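Novice: Here it is, the structure in full.
The values are calculated or read from the model by the stated rules, or taken from the named source; none is laboratory data. This is a predicted model, so every value here is computed, not measured. When we count neighbours, we look across all protein chains shown, and the Cβ atoms used for this are built from the backbone with ideal geometry, even at glycine. Side chains are part of the model used for accessible areas, which takes the heavy atoms of the whole protein and leaves out ligands, DNA and RNA. Shrake-Rupley method; radii C 1.70, N 1.55, O 1.52, S 1.80 Å.
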Amino acid sequence: MKDNNGGRQELKKVNICIAGGGSTYTPGILIGMIKKKESFQIGKIILNDNNLNRLEKMGKYSKILMEEYYPKLDLIYTTDKAIAFTDIDFVFCQIRTGGFKMRELDEKIPLRNNVIGQETCGPGGFAYGLRSIKDMIKLVEDIRQYSPKAWILNYTNPAAIVALALDKAFPNDKKILNICDQPISLLMAYSRLLGDIEYKDMIPYYFGLNHFGWFTKIIDKRDGRDITQKIKKMIQINGFAPADKEQRDPSWLVTYSTVKNMLELDSTYLPNTYLQYYLLPQQTIAHLNPNYTRANEVMDGREKRVYEECEKVILHNTTKINDNVEFELNKKDAHGEMIVEIAEAILHNQERYYVVMVKNNNIIPNLPKEAIVEVLCTLGANGATPLPVGKVDTYYKGLIEQQYAYEKLTCDAYFEESYLKALQALTLNRTVVDMVLAKKILDELIVANKDYWPELK
Ligand code: G6P
Ligand code: MN
(Lines give C-alpha, C1' and ligand atoms only; values in the text may rest on other atoms or scores of the structure.)
(Ligands and ions follow the chains in the order given, each with its own letter.)
Protein backbone atom coordinates (compact mmCIF):
# COMPACT_ATOMS: atom_id res chain seq x y z
CA MET A 1 0.00 0.00 0.00
CA LYS A 2 1.39 3.44 -0.94
CA ASP A 3 0.80 6.48 1.17
CA ASN A 4 0.06 9.88 -0.32
CA ASN A 5 3.19 11.74 0.63
CA GLY A 6 6.45 10.30 -0.45
CA GLY A 7 5.34 6.92 -1.79
CA ARG A 8 6.82 5.17 1.22
CA GLN A 9 5.67 1.59 1.74
CA GLU A 10 3.20 1.47 4.63
CA LEU A 11 2.68 -1.64 6.67
CA LYS A 12 -0.85 -2.92 6.67
CA LYS A 13 -2.48 -2.82 10.08
CA VAL A 14 -4.00 -6.13 11.06
CA ASN A 15 -7.04 -6.96 13.16
CA ILE A 16 -6.65 -9.74 15.66
CA CYS A 17 -9.18 -11.64 17.70
CA ILE A 18 -8.11 -13.68 20.72
CA ALA A 19 -10.67 -16.45 21.21
CA GLY A 20 -10.47 -17.40 24.86
CA GLY A 21 -9.32 -13.83 25.48
CA GLY A 22 -10.26 -14.02 29.16
CA SER A 23 -7.35 -16.40 29.72
CA THR A 24 -4.33 -15.63 31.88
CA TYR A 25 -2.17 -15.96 28.75
CA THR A 26 -3.67 -12.79 27.26
CA PRO A 27 -1.42 -10.24 29.02
CA GLY A 28 1.67 -12.09 27.78
CA ILE A 29 0.37 -12.00 24.21
CA LEU A 30 -0.41 -8.29 24.49
CA ILE A 31 3.09 -7.64 25.80
CA GLY A 32 4.40 -9.57 22.79
CA MET A 33 2.35 -7.28 20.54
CA ILE A 34 3.65 -4.16 22.26
CA LYS A 35 7.22 -5.37 21.77
CA LYS A 36 6.59 -5.81 18.07
CA LYS A 37 4.50 -2.74 17.43
CA GLU A 38 6.95 -1.33 14.89
CA SER A 39 7.13 -4.33 12.60
CA PHE A 40 3.72 -5.90 13.25
CA GLN A 41 1.20 -3.10 13.30
CA ILE A 42 -2.18 -3.82 14.76
CA GLY A 43 -5.31 -1.79 14.13
CA LYS A 44 -7.76 -3.63 16.35
CA ILE A 45 -7.67 -6.32 19.02
CA ILE A 46 -10.80 -8.11 20.11
CA LEU A 47 -10.91 -10.30 23.15
CA ASN A 48 -13.68 -12.87 22.90
CA ASP A 49 -14.67 -15.31 25.62
CA ASN A 50 -17.82 -17.03 26.83
CA ASN A 51 -16.92 -16.43 30.47
CA LEU A 52 -18.04 -12.85 31.03
CA ASN A 53 -16.48 -12.53 34.46
CA ARG A 54 -12.98 -13.43 33.24
CA LEU A 55 -13.45 -11.49 30.02
CA GLU A 56 -14.43 -8.28 31.80
CA LYS A 57 -11.44 -8.37 34.12
CA MET A 58 -9.04 -9.16 31.32
CA GLY A 59 -10.74 -6.71 28.95
CA LYS A 60 -10.62 -3.77 31.32
CA TYR A 61 -7.01 -4.55 32.23
CA SER A 62 -6.05 -4.89 28.56
CA LYS A 63 -7.62 -1.58 27.60
CA ILE A 64 -5.57 0.21 30.26
CA LEU A 65 -2.40 -1.63 29.25
CA MET A 66 -2.81 -0.82 25.56
CA GLU A 67 -3.81 2.79 26.14
CA GLU A 68 -0.52 3.22 27.96
CA TYR A 69 1.73 1.26 25.62
CA TYR A 70 -0.03 1.03 22.24
CA PRO A 71 -1.95 4.25 21.67
CA LYS A 72 -4.10 4.47 18.53
CA LEU A 73 -4.94 0.82 18.85
CA ASP A 74 -8.56 -0.10 19.27
CA LEU A 75 -9.13 -2.80 21.88
CA ILE A 76 -12.56 -4.19 22.59
CA TYR A 77 -13.86 -7.20 24.46
CA THR A 78 -17.07 -8.95 23.66
CA THR A 79 -18.98 -12.21 23.96
CA ASP A 80 -20.76 -11.39 20.69
CA LYS A 81 -19.55 -13.56 17.83
CA ALA A 82 -20.47 -11.19 15.01
CA ILE A 83 -18.49 -8.38 16.62
CA ALA A 84 -15.63 -10.70 17.53
CA PHE A 85 -15.09 -12.31 14.15
CA THR A 86 -15.98 -9.65 11.57
CA ASP A 87 -13.13 -8.18 9.51
CA ILE A 88 -10.42 -10.16 11.28
CA ASP A 89 -7.01 -11.14 9.86
CA PHE A 90 -5.87 -13.50 12.61
CA VAL A 91 -7.68 -15.40 15.30
CA PHE A 92 -5.55 -16.76 18.12
CA CYS A 93 -7.45 -19.70 19.59
CA GLN A 94 -6.73 -20.54 23.17
CA ILE A 95 -10.03 -21.85 24.49
CA ARG A 96 -10.30 -24.31 27.38
CA THR A 97 -13.64 -26.09 27.40
CA GLY A 98 -14.66 -26.80 30.97
CA GLY A 99 -11.99 -24.54 32.42
CA PHE A 100 -9.58 -25.52 35.16
CA LYS A 101 -12.30 -27.31 37.15
CA MET A 102 -12.52 -29.89 34.38
CA ARG A 103 -8.73 -29.96 33.95
CA GLU A 104 -8.53 -30.88 37.62
CA LEU A 105 -10.85 -33.86 37.03
CA ASP A 106 -8.91 -34.84 33.88
CA GLU A 107 -5.85 -35.14 36.08
CA LYS A 108 -7.43 -36.61 39.20
CA ILE A 109 -9.70 -39.30 37.76
CA PRO A 110 -6.84 -41.26 36.12
CA LEU A 111 -4.60 -40.70 39.15
CA ARG A 112 -7.09 -42.25 41.52
CA ASN A 113 -6.88 -45.29 39.25
CA ASN A 114 -3.09 -45.24 39.42
CA VAL A 115 -2.73 -43.99 35.86
CA ILE A 116 -0.92 -40.83 34.67
CA GLY A 117 -3.20 -37.83 35.14
CA GLN A 118 -2.25 -35.07 32.74
CA GLU A 119 -3.91 -32.27 30.78
CA THR A 120 -3.07 -33.57 27.29
CA CYS A 121 -1.59 -37.06 27.76
CA GLY A 122 -3.34 -40.30 28.70
CA PRO A 123 -7.01 -40.41 29.78
CA GLY A 124 -6.92 -36.74 30.83
CA GLY A 125 -6.01 -35.66 27.31
CA PHE A 126 -8.62 -38.05 25.94
CA ALA A 127 -11.34 -36.48 28.12
CA TYR A 128 -10.23 -32.96 27.25
CA GLY A 129 -10.13 -33.94 23.57
CA LEU A 130 -13.75 -35.06 23.54
CA ARG A 131 -14.67 -31.73 25.16
CA SER A 132 -12.54 -29.53 22.89
CA ILE A 133 -13.57 -30.98 19.52
CA LYS A 134 -17.16 -29.76 19.74
CA ASP A 135 -16.26 -26.21 20.77
CA MET A 136 -13.43 -25.91 18.28
CA ILE A 137 -15.59 -27.02 15.36
CA LYS A 138 -18.24 -24.49 16.40
CA LEU A 139 -15.59 -21.80 16.80
CA VAL A 140 -14.15 -22.39 13.33
CA GLU A 141 -17.67 -22.35 11.83
CA ASP A 142 -18.42 -19.05 13.57
CA ILE A 143 -15.13 -17.50 12.46
CA ARG A 144 -15.65 -18.62 8.88
CA GLN A 145 -19.15 -17.11 8.82
CA TYR A 146 -17.72 -13.63 9.42
CA SER A 147 -14.09 -13.82 8.26
CA PRO A 148 -13.71 -16.56 5.64
CA LYS A 149 -10.09 -15.65 4.99
CA ALA A 150 -8.75 -15.07 8.48
CA TRP A 151 -5.81 -17.12 9.62
CA ILE A 152 -6.78 -19.32 12.53
CA LEU A 153 -3.76 -19.93 14.72
CA ASN A 154 -4.86 -22.73 16.94
CA TYR A 155 -3.16 -23.81 20.06
CA THR A 156 -6.19 -25.19 21.84
CA ASN A 157 -5.39 -28.47 23.55
CA PRO A 158 -5.11 -31.37 23.28
CA ALA A 159 -3.67 -30.09 20.03
CA ALA A 160 -3.01 -33.49 18.46
CA ILE A 161 -6.64 -34.55 18.75
CA VAL A 162 -8.06 -31.11 17.96
CA ALA A 163 -5.91 -30.90 14.81
CA LEU A 164 -7.11 -34.30 13.61
CA ALA A 165 -10.74 -33.40 14.28
CA LEU A 166 -10.45 -30.04 12.49
CA ASP A 167 -8.83 -31.76 9.52
CA LYS A 168 -11.81 -34.10 9.37
CA ALA A 169 -14.40 -31.35 9.79
CA PHE A 170 -12.75 -28.76 7.49
CA PRO A 171 -10.60 -30.76 5.06
CA ASN A 172 -10.28 -27.91 2.56
CA ASP A 173 -9.56 -25.09 4.96
CA LYS A 174 -5.93 -24.16 4.34
CA LYS A 175 -5.86 -21.30 6.83
CA ILE A 176 -5.99 -23.23 10.06
CA LEU A 177 -2.54 -23.59 11.58
CA ASN A 178 -2.16 -25.95 14.52
CA ILE A 179 0.87 -25.11 16.54
CA CYS A 180 2.24 -25.87 20.00
CA ASP A 181 4.60 -23.71 21.98
CA GLN A 182 6.46 -26.50 23.72
CA PRO A 183 9.09 -27.05 21.00
CA ILE A 184 9.90 -23.32 21.21
CA SER A 185 9.95 -23.46 25.02
CA LEU A 186 12.46 -26.30 24.74
CA LEU A 187 14.63 -24.33 22.31
CA MET A 188 14.56 -21.40 24.72
CA ALA A 189 15.71 -23.74 27.47
CA TYR A 190 18.57 -25.04 25.26
CA SER A 191 19.49 -21.45 24.49
CA ARG A 192 19.68 -20.59 28.17
CA LEU A 193 21.79 -23.65 28.80
CA LEU A 194 24.27 -22.83 26.03
CA GLY A 195 24.35 -19.12 26.76
CA ASP A 196 25.77 -18.12 23.39
CA ILE A 197 22.87 -18.61 21.01
CA GLU A 198 19.30 -17.33 20.82
CA TYR A 199 16.54 -19.78 20.04
CA LYS A 200 15.74 -17.84 16.88
CA ASP A 201 19.17 -18.77 15.57
CA MET A 202 18.43 -22.47 15.80
CA ILE A 203 17.09 -24.68 13.01
CA PRO A 204 15.27 -27.38 14.96
CA TYR A 205 14.88 -30.66 13.08
CA TYR A 206 12.05 -32.49 14.80
CA PHE A 207 9.55 -35.29 14.20
CA GLY A 208 6.68 -36.96 15.98
CA LEU A 209 3.13 -36.14 16.97
CA ASN A 210 2.12 -33.22 19.15
CA HIS A 211 3.43 -33.68 22.70
CA PHE A 212 5.07 -36.85 21.42
CA GLY A 213 8.25 -36.16 19.52
CA TRP A 214 12.01 -35.69 19.30
CA PHE A 215 14.54 -33.15 18.11
CA THR A 216 16.89 -35.07 15.87
CA LYS A 217 19.26 -32.23 15.15
CA ILE A 218 19.73 -28.57 16.07
CA ILE A 219 21.73 -26.41 13.70
CA ASP A 220 23.20 -23.02 14.55
CA LYS A 221 21.87 -20.91 11.70
CA ARG A 222 24.69 -18.38 11.99
CA ASP A 223 27.48 -20.73 10.96
CA GLY A 224 25.76 -23.98 10.03
CA ARG A 225 27.27 -25.83 12.96
CA ASP A 226 25.49 -28.87 14.38
CA ILE A 227 25.06 -28.14 18.10
CA THR A 228 23.02 -31.22 19.01
CA GLN A 229 25.82 -33.04 20.79
CA LYS A 230 26.73 -29.94 22.71
CA ILE A 231 23.16 -29.58 23.97
CA LYS A 232 22.97 -33.24 24.99
CA LYS A 233 26.24 -32.99 26.84
CA MET A 234 25.16 -29.82 28.65
CA ILE A 235 21.95 -31.50 29.78
CA GLN A 236 23.86 -34.56 30.93
CA ILE A 237 26.26 -32.42 32.94
CA ASN A 238 24.04 -29.58 34.17
CA GLY A 239 20.57 -31.11 34.04
CA PHE A 240 17.73 -29.35 32.31
CA ALA A 241 15.47 -26.52 33.45
CA PRO A 242 12.89 -24.27 31.80
CA ALA A 243 13.91 -20.84 30.57
CA ASP A 244 10.61 -19.09 30.94
CA LYS A 245 8.74 -18.15 34.08
CA GLU A 246 5.54 -19.82 32.81
CA GLN A 247 7.21 -23.15 33.34
CA ARG A 248 9.06 -22.52 36.58
CA ASP A 249 6.50 -23.97 38.99
CA PRO A 250 7.65 -27.06 40.93
CA SER A 251 5.87 -29.60 38.69
CA TRP A 252 7.46 -28.14 35.54
CA LEU A 253 10.90 -28.31 37.14
CA VAL A 254 10.40 -32.05 37.67
CA THR A 255 9.15 -32.38 34.09
CA TYR A 256 12.24 -30.72 32.64
CA SER A 257 14.56 -32.77 34.83
CA THR A 258 13.25 -35.99 33.23
CA VAL A 259 14.87 -35.07 29.91
CA LYS A 260 18.22 -35.90 31.51
CA ASN A 261 16.83 -39.24 32.73
CA MET A 262 15.56 -40.11 29.26
CA LEU A 263 18.85 -39.06 27.63
CA GLU A 264 20.84 -41.23 30.04
CA LEU A 265 18.98 -44.30 28.79
CA ASP A 266 18.78 -43.39 25.13
CA SER A 267 20.68 -40.44 23.74
CA THR A 268 19.71 -40.92 20.09
CA TYR A 269 17.50 -37.81 19.98
CA LEU A 270 16.49 -34.98 22.30
CA PRO A 271 13.07 -35.92 23.70
CA ASN A 272 10.15 -33.56 24.19
CA THR A 273 9.36 -33.28 27.92
CA TYR A 274 5.92 -34.84 27.29
CA LEU A 275 7.54 -38.16 26.50
CA GLN A 276 8.12 -38.64 30.23
CA TYR A 277 4.49 -39.76 30.56
CA TYR A 278 4.98 -42.55 28.04
CA LEU A 279 8.61 -43.57 28.49
CA LEU A 280 9.07 -43.08 32.25
CA PRO A 281 5.55 -43.74 33.57
CA GLN A 282 6.59 -45.26 36.89
CA GLN A 283 8.98 -42.48 37.79
CA THR A 284 6.53 -39.84 36.55
CA ILE A 285 3.51 -41.13 38.42
CA ALA A 286 5.54 -41.27 41.63
CA HIS A 287 5.95 -37.50 41.34
CA LEU A 288 2.28 -36.76 40.70
CA ASN A 289 0.14 -35.97 43.74
CA PRO A 290 -3.42 -37.27 43.25
CA ASN A 291 -4.74 -34.64 45.66
CA TYR A 292 -2.86 -31.66 44.28
CA THR A 293 -2.26 -31.65 40.56
CA ARG A 294 -1.02 -29.14 38.00
CA ALA A 295 -4.56 -27.69 37.74
CA ASN A 296 -4.42 -26.88 41.46
CA GLU A 297 -0.97 -25.40 41.04
CA VAL A 298 -2.22 -23.17 38.21
CA MET A 299 -5.43 -22.17 40.03
CA ASP A 300 -3.46 -21.27 43.16
CA GLY A 301 -0.64 -19.67 41.20
CA ARG A 302 -0.95 -18.16 37.73
CA GLU A 303 -4.75 -17.75 37.84
CA LYS A 304 -4.69 -15.90 41.18
CA ARG A 305 -1.61 -13.86 40.35
CA VAL A 306 -2.81 -12.64 36.96
CA TYR A 307 -6.41 -11.76 37.91
CA GLU A 308 -5.26 -10.02 41.09
CA GLU A 309 -2.91 -7.95 38.99
CA CYS A 310 -5.81 -7.13 36.64
CA GLU A 311 -7.95 -6.01 39.57
CA LYS A 312 -5.21 -3.79 40.95
CA VAL A 313 -4.59 -2.17 37.58
CA ILE A 314 -8.34 -1.61 37.07
CA LEU A 315 -8.62 -0.08 40.55
CA HIS A 316 -5.81 2.39 39.92
CA ASN A 317 -6.60 2.84 36.25
CA THR A 318 -2.92 2.41 35.34
CA THR A 319 -0.43 -0.44 34.96
CA LYS A 320 2.28 1.75 36.42
CA ILE A 321 1.60 0.76 40.02
CA ASN A 322 4.60 -1.59 39.83
CA ASP A 323 7.25 -2.47 37.25
CA ASN A 324 5.65 -5.74 36.07
CA VAL A 325 4.93 -4.52 32.55
CA GLU A 326 8.33 -2.87 32.16
CA PHE A 327 9.99 -6.05 33.37
CA GLU A 328 8.16 -8.20 30.82
CA LEU A 329 8.84 -5.68 28.05
CA ASN A 330 12.55 -5.79 28.74
CA LYS A 331 12.75 -9.55 28.91
CA LYS A 332 13.93 -11.25 25.77
CA ASP A 333 12.27 -14.39 24.44
CA ALA A 334 9.10 -14.11 26.47
CA HIS A 335 6.46 -16.80 26.18
CA GLY A 336 3.69 -14.53 24.86
CA GLU A 337 5.85 -13.31 22.00
CA MET A 338 5.84 -16.64 20.23
CA ILE A 339 2.31 -16.52 18.91
CA VAL A 340 2.79 -12.94 17.73
CA GLU A 341 5.96 -13.95 15.90
CA ILE A 342 4.11 -16.78 14.22
CA ALA A 343 1.47 -14.36 12.93
CA GLU A 344 4.25 -12.04 11.81
CA ALA A 345 5.99 -14.84 9.90
CA ILE A 346 2.76 -15.44 7.96
CA LEU A 347 1.90 -11.78 7.43
CA HIS A 348 5.34 -10.81 6.19
CA ASN A 349 6.02 -14.08 4.41
CA GLN A 350 9.21 -14.56 6.40
CA GLU A 351 9.57 -18.31 5.78
CA ARG A 352 10.91 -18.71 9.30
CA TYR A 353 11.57 -22.10 10.85
CA TYR A 354 8.93 -23.46 13.20
CA VAL A 355 7.86 -26.86 14.43
CA VAL A 356 4.24 -27.13 13.30
CA MET A 357 1.50 -29.78 13.01
CA VAL A 358 0.85 -30.72 9.38
CA LYS A 359 -0.67 -33.61 7.42
CA ASN A 360 2.00 -36.26 7.00
CA ASN A 361 1.48 -37.17 3.35
CA ASN A 362 5.02 -38.22 2.49
CA ILE A 363 7.04 -36.31 5.07
CA ILE A 364 7.61 -39.55 6.97
CA PRO A 365 6.96 -42.17 4.29
CA ASN A 366 6.67 -45.11 6.68
CA LEU A 367 3.90 -43.53 8.75
CA PRO A 368 0.20 -43.16 7.78
CA LYS A 369 -0.24 -40.48 5.13
CA GLU A 370 -3.27 -38.98 6.86
CA ALA A 371 -1.62 -38.63 10.27
CA ILE A 372 -1.03 -35.12 11.59
CA VAL A 373 2.66 -35.05 12.40
CA GLU A 374 4.69 -32.37 14.13
CA VAL A 375 7.80 -31.48 12.12
CA LEU A 376 10.09 -28.66 11.14
CA CYS A 377 8.42 -26.32 8.65
CA THR A 378 9.05 -22.95 7.13
CA LEU A 379 6.23 -20.56 7.85
CA GLY A 380 5.19 -17.88 5.40
CA ALA A 381 2.23 -16.36 3.59
CA ASN A 382 1.07 -19.77 2.38
CA GLY A 383 1.25 -21.30 5.82
CA ALA A 384 3.53 -24.13 6.85
CA THR A 385 5.76 -25.91 4.34
CA PRO A 386 7.22 -29.04 5.92
CA LEU A 387 10.79 -30.17 5.35
CA PRO A 388 11.04 -33.88 4.53
CA VAL A 389 11.97 -36.14 7.45
CA GLY A 390 12.39 -39.50 5.74
CA LYS A 391 11.69 -42.92 7.17
CA VAL A 392 11.89 -43.25 10.94
CA ASP A 393 13.39 -46.24 12.73
CA THR A 394 11.31 -49.12 14.04
CA TYR A 395 11.20 -47.90 17.64
CA TYR A 396 9.81 -44.46 16.73
CA LYS A 397 7.53 -45.91 14.09
CA GLY A 398 6.06 -48.29 16.65
CA LEU A 399 5.58 -45.64 19.30
CA ILE A 400 4.09 -43.09 16.90
CA GLU A 401 1.76 -45.54 15.19
CA GLN A 402 0.36 -46.65 18.50
CA GLN A 403 -0.13 -43.08 19.69
CA TYR A 404 -1.62 -42.00 16.37
CA ALA A 405 -4.05 -44.94 16.47
CA TYR A 406 -5.12 -43.80 19.94
CA GLU A 407 -5.62 -40.23 18.67
CA LYS A 408 -7.59 -41.38 15.64
CA LEU A 409 -9.82 -43.67 17.69
CA THR A 410 -10.50 -40.79 20.07
CA CYS A 411 -11.66 -38.65 17.14
CA ASP A 412 -13.68 -41.51 15.71
CA ALA A 413 -15.29 -42.05 19.12
CA TYR A 414 -16.39 -38.42 19.05
CA PHE A 415 -17.74 -38.33 15.51
CA GLU A 416 -19.36 -41.77 15.68
CA GLU A 417 -20.42 -41.34 19.32
CA SER A 418 -18.96 -44.77 19.87
CA TYR A 419 -18.36 -46.19 23.32
CA LEU A 420 -16.40 -49.08 21.84
CA LYS A 421 -13.98 -46.82 19.99
CA ALA A 422 -13.50 -44.77 23.15
CA LEU A 423 -12.69 -47.93 25.05
CA GLN A 424 -10.30 -49.07 22.31
CA ALA A 425 -8.61 -45.66 22.30
CA LEU A 426 -7.94 -45.74 26.02
CA THR A 427 -6.80 -49.37 25.92
CA LEU A 428 -4.32 -48.45 23.23
CA ASN A 429 -2.89 -45.53 25.17
CA ARG A 430 0.49 -46.47 26.65
CA THR A 431 -0.48 -44.93 29.98
CA VAL A 432 -3.44 -47.34 30.37
CA VAL A 433 -2.95 -50.68 28.51
CA ASP A 434 -5.37 -52.82 30.58
CA MET A 435 -8.88 -53.09 29.05
CA VAL A 436 -10.66 -53.47 32.38
CA LEU A 437 -8.87 -50.45 33.73
CA ALA A 438 -9.63 -48.53 30.53
CA LYS A 439 -13.34 -49.29 30.97
CA LYS A 440 -13.34 -48.22 34.62
CA ILE A 441 -11.65 -44.92 33.83
CA LEU A 442 -13.87 -44.33 30.79
CA ASP A 443 -17.01 -44.84 32.86
CA GLU A 444 -15.79 -42.39 35.48
CA LEU A 445 -14.89 -39.85 32.79
CA ILE A 446 -18.32 -40.21 31.17
CA VAL A 447 -20.02 -39.23 34.44
CA ALA A 448 -17.64 -36.30 35.02
CA ASN A 449 -18.02 -35.01 31.43
CA LYS A 450 -21.77 -35.48 31.01
CA ASP A 451 -22.30 -31.78 30.30
CA TYR A 452 -19.64 -31.71 27.57
CA TRP A 453 -19.32 -35.00 25.72
CA PRO A 454 -21.58 -36.50 23.12
CA GLU A 455 -23.45 -39.49 24.49
CA LEU A 456 -21.30 -42.52 23.70
CA LYS A 457 -23.38 -45.49 22.57
C1 G6P B 1 2.99 -26.16 27.31
C2 G6P B 1 2.26 -26.92 26.27
C3 G6P B 1 0.83 -26.50 26.22
C4 G6P B 1 0.21 -26.64 27.58
C5 G6P B 1 0.99 -25.88 28.59
C6 G6P B 1 0.46 -26.17 29.98
O7 G6P B 1 3.09 -24.82 26.97
O8 G6P B 1 2.78 -26.80 25.00
O9 G6P B 1 0.16 -27.29 25.29
O10 G6P B 1 -1.11 -26.19 27.59
O11 G6P B 1 2.33 -26.25 28.55
O12 G6P B 1 0.98 -25.28 30.85
P13 G6P B 1 0.40 -25.10 32.29
O14 G6P B 1 1.28 -24.08 32.86
O15 G6P B 1 -1.06 -24.66 32.13
O16 G6P B 1 0.49 -26.42 32.95
MN1 MN C 1 1.34 -27.81 23.56
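Novice: Assuming R0 = 30 Å, can you tell me the calculated FRET efficiency for the pair GLU416 and LYS440, based on Cβ-Cβ distance, to the nearest 0.05? It would help to have the intermediate numbers written out before the result.
Specialist: Values: r = 22 Å, r/R0 = 0.74.
About 0.85, to the nearest 0.05.
Novice: Just how far, in whole angstrom, is region 250-275 from region 34-82 if you go by their alpha carbon centroids?
Specialist: 37
Novice: Take peptides 50-62, 229-241, 406-418 and line them up by average Cβ neighbours within 10 Å, highest first, as a rough protection proxy.
Specialist: On the way: 50-62: 19.1, 229-241: 16.1, 406-418: 21.3.
The packing order, highest mean first, is 406-418, 50-62, 229-241.
Novice: Can you send over the carbon and sulfur percentage of the accessible area for region 370-413, probe radius 1.4 Å, protein chains only?
Specialist: Details: 910 of 1670 Å².
Its accessible area is 54 percent carbon and sulfur atoms.
Novice: Using R₀ = 22 Å, calculate the FRET efficiency as 1/(1 + (r/R₀)^6) where r is the Cβ-Cβ separation of LYS359 and TYR395; round to 0.05. List each step's numbers first, then the result.
Specialist: Working: r = 23 Å, r/R0 = 1.06.
Result of the calculation: an efficiency of 0.40.
Novice: Also: Of all accessible surface on region 277-326 at a 1.4 Å probe, what whole percent is carbon and sulfur?
Specialist: Here it works out to 51 percent.
Novice: I need to check one value: relative contact order of region 196-312, counting alpha carbon pairs closer than 8 Å and at least 6 residues apart, in percent. All intermediate terms of the calculation are to be shown ahead of the outcome.
Specialist: Numbers: 111 pairs, mean separation 23.6, N = 117.
Averaging sequence separation for qualifying contacts and normalising by length gives 20 percent for region 196-312.
Novice: Further question on the same structure: What do you reckon, how do ARG103, ARG222, ARG430, ARG144 stack up by accessible area (1.4 Å probe), largest on top? Walk me through the numbers on the way to the answer.
Specialist: Details: ARG103 20, ARG222 135, ARG430 100, ARG144 45 Å².
Descending order: ARG222, ARG430, ARG144, ARG103.
Novice: Rounded to the nearest 500 deg cm²/dmol, what is the calculated helix-only ellipticity per residue at 222 nm for the chain, with -39500 (n - 2.57) per DSSP H run of length n ≥ 4?
Specialist: Working: 18 runs with 217 residues, N = 457.
That calculation yields -15000 deg cm²/dmol at 222 nm.
Novice: Just to confirm my numbers, what's the Cα centroid distance between region 351-391 and region 324-338 in Å?
Specialist: Cα centroid of region 351-391 versus Cα centroid of region 324-338: 29 Å apart.
Novice: Quick check: at a probe of 1.4 Å, how many percent of the accessible area of region 209-268 sits on carbon and sulfur atoms?
Specialist: Here carbon and sulfur together make up 52 percent of the probe-accessible area.
Novice: Counting DSSP beta bridges with both partners in the chain, what percentage is antiparallel, nearest 5? Write down the numbers at each step before the final one.
Specialist: Details: 27 of 49 bridges.
So the antiparallel bridges in the chain amount to around 55 percent.
Novice: So which of LYS134/LYS421; LYS101/LYS450; LYS134/LYS304; LYS72/LYS304 end up more than 19 Å apart, counting from Cα to Cα?
Specialist: Numbers: LYS134/LYS421 17 Å; LYS101/LYS450 14 Å; LYS134/LYS304 28 Å; LYS72/LYS304 30 Å.
Distance filter (> 19 Å) returns LYS134/LYS304; LYS72/LYS304.
Novice: Using Cα pairs under 8 angstrom and six or more residues apart, how large is the relative contact order of region 57-194, in percent?
Specialist: Values: 142 pairs, mean separation 31.6, N = 138.
This gives 23 percent for region 57-194.
Novice: Keeping every protein chain present and rolling a 1.4 Å probe, give me the accessible area per residue for the chain in Å². Walk me through the numbers before you get to the answer.
Specialist: Working: 19220 Å² over 457 residues.
On a per-residue basis, the chain sits at 42 Å².
Novice: I want to check the label-to-label distance for LEU253 and THR79. Put each point 7 Å from Cα in the C-beta direction and report it in nm to one decimal.
Specialist: Those two pseudo-labels are separated by 4.0 nm.
Novice: Taking 0.36 nm per residue of sequence separation and subtracting the Cα-Cα distance, how much length would be gained by fully extending the chain between ASN53 and THR268, in nm to one decimal? It would help to have the intermediate numbers written out before the result.
Specialist: Numbers: separation 215, 0.36 × 215 = 77.40 nm, distance 4.82 nm.
Here the answer is 72.6 nm.
Novice: Please compute the modelled spin-label separation between GLN402 and GLN236, points set 7 Å along Cα→Cβ, answer in nm with one decimal.
Specialist: The modelled label-to-label distance comes out at 2.6 nm.
Novice: Between region 100-175 and region 282-313, what is the C-alpha centre distance in whole Å?
Specialist: Their Cα centres are 21 Å away from one another.
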